[in-house]
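Asker: I'd like to ask some things about the structure below.
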Amino acid sequence: MDVAAFLGRFPPFDDLPPDRLAALADRAELTRFPAATVIVRQGGDPSPGLYVVRDGTVELWDDGRLLDLLGEGEVFGLSAVIDAGPTATVRAHEDATCYLIPPAIAEELVGTAAGRSFVLGTFGERQRRRRETASLVEASATAAPDRRLRPVGELIRRAPVLADPAVPIAEAAALMTAERVSSVLVRVDDGWGIVTDRDLRSKVVAAGLDTATPVSAIASHPVRTVTATTLAGDAIVRMFAEDVHHFPVQDEGGVLLGVVTETDLVDLGEGTPFALRGRIERAPTVAAVAEAGRELPAVVVELVDASADPVDVGRVVALAIDAMTRRLIELAIRELGDAPVPWAWLALGSAARREQALRTDQDHALAIDADQATAAEVDPYFERLATSVTDGLEAAGIARCPGDVMATHPSLRRSVASWSEAMHTWMQDLSPRGSELSSLVYDYRRVAGPLEVEPVLDAVVRDARARPGFLRGLGRRALDLRPPTGFVRDLVVERHGEHAGRLDVKRGGITIIGNLARVYAVASGVTSKGTVERLRTTAGQPLLSRGVADELVEAFHFLWEVRLRHQAEQVRAGAAPDEFLDPSTLGPVARQGLKEAFRVIARAQRELATAMDLRMP
């Protein structure tokens, strides 16, 4: 296989056009390293170029710990093209052959969208592997290894139960009863769907559906699966974050091996999100809800220590707060009596996006199914409901919104028609205040209540794409904050005040990506709420190329990783979590990853400004 054909099989080379790939391959130099040769030394001179493993394997060492083995097509030597010394020692594990790409050519390569995304993803993966290695070392030193480090394949109790898609629902339910399982898998289209006991209750019994209907009609598909090698701790987080209760397990070839359930994962220990949610849902009093809610930081710290996906951890926090909110509403209604009209409790902002960290506050509202006169008449009931829930969340450690964006404020308790009218009004208000209100309230999600208000509000969002003045206002808001770029060797930090010398990773990075994603979504008529989902859904649209979308997704994950790691360390030290970290406490991988993440954001802002003809502040 020639050099171009080989490199073209692996990222980031697989995204290059043929002529550029051929030109790069012509400059690649074949180098050989006998076993045990140190190729790059941690903290030493920069690599002489970017290396790509052709055959054999090389070891990645971090402060004397074996971090990883790199094989065919994997890349090392990024210090040749970034402003940093080597962040790990690379040594030939066995006789190895590598292609060496000269720094100038490699620098051009990582300047592409695919290259930048690859570099940032590499930093994130290396940081995650450092933490996983530390966790495994710590676990091996204890008498009782952490059961969350077991692969889920070991938790499978039996083969999966399958049902023909054409069989009646009644027959599938009887099969589940006879086999004593809580789910059956159904072949749907070219994949698998799943029917659970919850589906039977909600989609059949509650909906009055004829049980002679084919079971495929109620199957959820495509079903979310995990591989047998997935660590149980990762599966816990994914299952909770995706709000599902079953994961079919496959081998590496895609063959179904069985199903793991929420119960299987809850049994791994008390410190799981499922166990916490169970305590919240069973809490008999407001005080008991608050007591359970105050356990959330400890659960999050465990997830961070287990190297869970950081964006999934943000969803875990949001879903736990959802559970507290619903239980507090149930307890309040028990005291106040049934609501006089249908209603919906709405999460706003980061809560709606399910992107909440250990430092978070309340943002919520109420929608009421009533005309203006009736809404005013029933408002005292909903004011008491809002007050009870807000007070309960505060007692559980979820601070009140400093801007008073809570359902306790009269302007955030409205009829559905009033919400629709207000959102249209804010669209026409091109002032900074109108843009601020829109950027918050356009992120909404129903948490509780029988009123299906989201279809009405979604229609307003879809209408926004036809209002260029409003879109430009959202675009300007996405440019208001700037990432701390302009550095060469050091990160830009706060210069004054109580946070002097520290870096605000949320304001300087995470918030900006969220603001950018909102613009892309509204301009495309997309009603998705989560930042990653918005970026992926709108990739390839006029305002967002696929390359920039991939870069922003990688940057978002990396910044969340750094943010949660910082907050977890504060919680362990008994301090209140905040968004300000000291760059001097970061390792070289995190420091360089932050720099690249901020550069990615700055590039995305410049591209948005050009596309919307906006002036950068």
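Asker: In the stretch 563-595, how many residues are under 22 Å from Glu355 (Cα atoms), without any contact (Cβ under 8 Å) to a residue 60 or more places away in the chain and of a type in the set (A, V, I, L, M)?
Answerer: Number satisfying all stated conditions: 1.
Asker: Looking at Leu175, Leu149, which one is out of contact with any Ser or Thr (no Cβ under 8 Å at 6 or more places or on another chain) and either surrounded by 15 or more Cβ atoms within 10 Å (Cβ to Cβ) or at pLDDT below 90 (or both)?
Answerer: Sole residue among the options that is out of contact with any Ser or Thr (no Cβ under 8 Å at 6 or more places or on another chain) and either surrounded by 15 or more Cβ atoms within 10 Å (Cβ to Cβ) or at pLDDT below 90 (or both): Leu175.
Asker: Sticking with this one: Quickly run through the stretch 340-365 and pick out the residues that are in contact (Cβ under 8 Å) with a residue 60 or more places away in the chain and more than 18 Å from Leu319 (Cβ to Cβ).
Answerer: Within the stretch 340-365, Pro342, Trp343, Ala365 meet the criteria.
Asker: Determine, yes or no, whether Ser202 is touching a residue at least 40 places away in the same chain (Cβ under 8 Å), in a helix (DSSP H, G or I) and within 18 Å of Val184 (Cα to Cα).
Answerer: no
Asker: So which of Ile321, Ile333 is in a helix (DSSP H, G or I) and within 21 Å of Lys529 (Cβ to Cβ)?
Answerer: Just a single option satisfies the conditions, and that option is Ile321.
Asker: So, in the stretch 189-206, of the ones that are hydrophobic (A, V, I, L, M, F, W, C) and open to solvent by 20 Å² or more (accessible area, probe 1.4 Å), which residue ends up farthest from Ala170 (Cα to Cα)?
Answerer: Per the stated criteria, the residue is Trp192.
Asker: If you take the residues of the stretch 262-303 that are of a type in the set (Asp, Glu) and over 27 Å from Arg157 (Cα atoms), which of them is modelled with the highest pLDDT?
Answerer: Filtering first and then ranking leaves Glu291.
Asker: Being of a type in the set (Asp, Glu) and either touching a residue at least 60 places away in the same chain (Cβ under 8 Å) or closer than 22 Å to Gly56 by Cβ (or both) is the filter; apply it to the stretch 15-39 and report the residue that is surrounded by the most Cβ atoms within 10 Å (Cβ to Cβ).
Answerer: So, considering only residues that are of a type in the set (Asp, Glu) and either touching a residue at least 60 places away in the same chain (Cβ under 8 Å) or closer than 22 Å to Gly56 by Cβ (or both), the one surrounded by the most Cβ atoms within 10 Å (Cβ to Cβ) is Asp15.
Asker: For residues that are in contact with a strand residue (DSSP E or B) (Cβ under 9 Å, 6 or more places away or on another chain) and in a helix (DSSP H, G or I), scanning just the stretch 168-182, find the one that is farthest from Arg158 (Cα to Cα).
Answerer: For the stretch 168-182, the residue satisfying everything is Ile169.
Asker: Let me ask something else. Can Leu303 be described as touching an Asp or Glu at 6+ places or on another chain (Cβ under 7 Å), hydrophobic (A, V, I, L, M, F, W, C) and either within 24 Å of Arg359 (Cα to Cα) or not in a helix (DSSP H, G or I) (or both)?
Answerer: So Leu303 does not fit the description; no.
Asker: Assess whether Asp369 counts as being modelled with pLDDT of 90 or more, of a type in the set (Asp, Glu), over 27 Å from Pro297 (Cα atoms) and open to solvent by 30 Å² or more (accessible area, probe 1.4 Å).
Answerer: For Asp369, the condition - modelled with pLDDT of 90 or more, of a type in the set (Asp, Glu), over 27 Å from Pro297 (Cα atoms) and open to solvent by 30 Å² or more (accessible area, probe 1.4 Å) - is met.
Asker: Say whether the condition of being part of a loop (DSSP other than H, G, I, E, B), open to solvent by 30 Å² or more (accessible area, probe 1.4 Å) and closer than 23 Å to Glu330 by Cα is met by at least one residue in the stretch 262-272.
Answerer: no
Asker: Which number in (1) in contact with a Pro (Cβ under 6 Å, 6 or more places away or on another chain); (2) at pLDDT below 90 marks the one condition that Leu581 misses?
Answerer: (1)
Asker: Here is a follow-up. Filter the stretch 213-242 down to residues that are part of a helix (DSSP H, G or I), among the small types (Gly, Ala, Ser) and open to solvent by 20 Å² or more (accessible area, probe 1.4 Å), then give me how many there are.
Answerer: 2
Asker: For Asp312, all conditions in the list (1) within 30 Å of Leu231 (Cα to Cα); (2) part of a strand (DSSP E or B) hold save one; what is the number of the exception?
Answerer: (2)
Asker: Out of curiosity, is Ser135 outside any strand (DSSP E or B), surrounded by 21 or more Cβ atoms within 10 Å (Cβ to Cβ) and either polar (S, T, N, Q) or at pLDDT 80 or above (or both)?
Answerer: When the stated conditions are applied, Ser135 does not pass them.
Asker: Out of everything in the stretch 444-470 that is assigned to a loop (DSSP other than H, G, I, E, B) and in contact (Cβ under 8 Å) with a residue 12 or more places away in the chain, what residue ends up being farthest from Glu355 (Cα to Cα)?
Answerer: Looking at residues that are assigned to a loop (DSSP other than H, G, I, E, B) and in contact (Cβ under 8 Å) with a residue 12 or more places away in the chain, I get Arg467.
Asker: What is the residue count in the stretch 522-534 for residues that are closer than 20 Å to Val460 by Cα, in a helix (DSSP H, G or I) and under 17 Å from the mean Cα position of the chain (by Cα)?
Answerer: Of the residues in the stretch 522-534, 3 are closer than 20 Å to Val460 by Cα, in a helix (DSSP H, G or I) and under 17 Å from the mean Cα position of the chain (by Cα).
Asker: Please verify whether His245 is within 30 Å of Leu185 (Cα to Cα) and either of a type in the set (Ser, Thr, Tyr) or open to solvent by less than 60 Å² (accessible area, probe 1.4 Å) (or both), treating the condition exactly as stated.
Answerer: For His245, the condition - within 30 Å of Leu185 (Cα to Cα) and either of a type in the set (Ser, Thr, Tyr) or open to solvent by less than 60 Å² (accessible area, probe 1.4 Å) (or both) - is met.
Asker: Report yes if Gln605 is in a helix (DSSP H, G or I) and open to solvent by less than 10 Å² (accessible area, probe 1.4 Å), otherwise no.
Answerer: Spelling it out, Gln605 is indeed in a helix (DSSP H, G or I) and open to solvent by less than 10 Å² (accessible area, probe 1.4 Å).
Asker: Moving to a separate point now. Could you check Tyr520 against (1) surrounded by fewer than 20 Cβ atoms within 10 Å (Cβ to Cβ); (2) modelled with pLDDT of 90 or more and say which number it fails?
Answerer: Among (1) surrounded by fewer than 20 Cβ atoms within 10 Å (Cβ to Cβ); (2) modelled with pLDDT of 90 or more, Tyr520 violates only (1).
Asker: From Ala306, Ala318, Ala344, Ala351, which residue is closer than 30 Å to Glu377 by Cβ, of a type in the set (A, V, I, L, M, F, W, C), modelled with pLDDT under 95 and crowded, with 20+ Cβ neighbours inside 10 Å?
Answerer: Ala351 is the lone residue from the list that is closer than 30 Å to Glu377 by Cβ, of a type in the set (A, V, I, L, M, F, W, C), modelled with pLDDT under 95 and crowded, with 20+ Cβ neighbours inside 10 Å.
Asker: Can you tell me which residues in the stretch 184-228 are hydroxyl-bearing (Ser, Thr, Tyr), modelled with pLDDT under 90 and within 19 Å of Val249 (Cα to Cα)?
Answerer: Ser220, Thr225, Thr227
Asker: Does the stretch 40-61 hold any residues that are within 25 Å of Glu107 (Cβ to Cβ), open to solvent by less than 30 Å² (accessible area, probe 1.4 Å) and outside any loop (DSSP other than H, G, I, E, B), and which are they?
Answerer: Val40, Leu50, Tyr51, Val52, Val53, Val58, Leu60
Asker: Need the failing condition index for Asp210 against (1) crowded, with 21+ Cβ neighbours inside 10 Å; (2) out of contact with any strand residue (DSSP E or B) (no Cβ under 8 Å at 6 or more places or on another chain); (3) within 23 Å of Val167 (Cβ to Cβ), just the number.
Answerer: Of everything listed in (1) crowded, with 21+ Cβ neighbours inside 10 Å; (2) out of contact with any strand residue (DSSP E or B) (no Cβ under 8 Å at 6 or more places or on another chain); (3) within 23 Å of Val167 (Cβ to Cβ), Asp210 misses just condition (1).
Asker: Separate question: Evaluate the following for Asp429: is it modelled with pLDDT of 95 or more, surrounded by 14 or more Cβ atoms within 10 Å (Cβ to Cβ), of a type outside the set (S, T, N, Q) and out of contact with any Phe, Trp or Tyr (no Cβ under 7 Å at 6 or more places or on another chain)?
Answerer: So Asp429 does not fit the description; no.
Asker: Condition first: open to solvent by 20 Å² or more (accessible area, probe 1.4 Å) and either of a type outside the set (S, T, N, Q) or part of a strand (DSSP E or B) (or both). Now tell me which residues in the stretch 579-595 satisfy that.
Answerer: Correct list: Phe580, Asp582, Leu586, Gly587, Pro588, Arg591.
Asker: How about the stretch 36-50: which of its residues are among the hydrophobic types (A, V, I, L, M, F, W, C) and at pLDDT 90 or above?
Answerer: Across the stretch 36-50, the qualifying residues are Val38, Ile39.
The values are calculated or read from the model by the stated rules, or taken from the named source; none is laboratory data. It should be emphasised that the depicted structure is a prediction, and the values quoted were computed from it without experimental measurement. Here Cβ is always computed from backbone atoms with ideal geometry, including for glycine, and neighbour counts include all displayed protein chains. Only protein heavy atoms, including side chains, enter the accessible area calculation; ligands, DNA and RNA are left aside. Shrake-Rupley method; radii C 1.70, N 1.55, O 1.52, S 1.80 Å.
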